[in-house]
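Each reported figure results from applying straightforward, stated rules to the coordinates on display, with no laboratory input. Keep in mind the model is a prediction, meaning the values are calculated, not measured. No Cβ is skipped: glycine too gets one built from the backbone with ideal geometry, and neighbour counts run over all protein chains shown.
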Amino acid sequence: MHETTLMEIQAAIARLLPPGVAVSAGLIADSATPLAATELPATARMSARRLREFSAGRHHARSALGRLGLHPAAVAVGPDRAPRWPAGFVGSISHAGDVVVAVAAPCAATRAIGIDLEPAVALDDDLLRRVCRPEECDRLTALPSPLQRAKLIFSAKESLYKCVAPVMGIFLEFDDVEILFDDHLERFRARGHGRAAALIEPSTITGAFAEAGGYWITAAWQPGPAGAQEWV
């Protein structure tokens, strides 16, 4: 990957996120920092490729936390296989292709956050009805490249799940959530359906998206006591 492409991805992520969120991104192959002792147990049965991805994710998670003044920092794995961020901080990790990204924020500013990175290619046709609700499929029919947009819906739901799972304690299926985009503002909202209807409303979570360097980038967050959620 060309350095300017990586810089484009980093700039897009920084533009999308609210103030107070630290970002660290890079190439998986360039992130070779040794893992912390508390991070090692999760790697026992990993393949070589998965270990490289995991190690790169932890490297950039520590980098993001370091930009918030936390040194040293480790991000272990919880019983649900999700990252366990240090007390007082939240964050999220994603990797796709050659790229890895991590974001972190103090809980005072951001109650929860999720980020996702996906290649900006068409979603497999046989996954469309699994990923998208009927309302979303109906809206896709009016677009020139519906399966590429469906991949963005997939990414938005992934970042949303990473955001809400730690604070709501629920496992979301794709059809539990409907994504509502505002393309002009590069923002999205979410509406819960079924068991998620009472938990997720358009005012609950702010989402943002961008296409950069051949990737879809999505992020979803909830403000903390000192934060401000805006649809601007």
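Taking Cα centre as origin and charging only the Cβ of basic (Lys, Arg, +1) and acidic (Asp, Glu, -1) residues, the dipole magnitude of region 93-216 rounds to 360 debye. Computed from point charges on the beta carbon alone (+1 for Lys and Arg, -1 for Asp and Glu), the dipole magnitude for the chain about its Cα centre is near 760 Debye. An ellipsoid equivalent to region 1-87, defined through the eigenvalues of its Cα gyration tensor, has semi-axes of 23, 17, 11 Å when rounded to whole angstrom and sorted largest first. Each eigenvalue of the Cα gyration tensor of region 85-139, multiplied by 5 and square-rooted, gives one semi-axis; in descending order these are 30, 16, 8 Å. Helical content of the chain, expressed as a calculated mean residue ellipticity at 222 nm, amounts to -9500 deg cm²/dmol (DSSP H runs of 4 or more residues, -39,500 (n - 2.57) each, divided by residue number, nearest 500). Taking the longest Cα principal axis of the chain as reference, the axis of helix 48-67 is set at about 80 degrees. For region 138-232, the alpha-carbon radius of gyration amounts to 1.07 times the rule-of-thumb value 2.2 N^0.38 Å expected for a compact globular protein. Whole number please: convex hull volume per residue of the Cα set in region 19-143, in Å³? Per-residue hull volume (Cα only) is 157 Å³. When the P(r) is computed for the chain, the part past 28 Å accounts for 28% of the Cα-Cα pairs.
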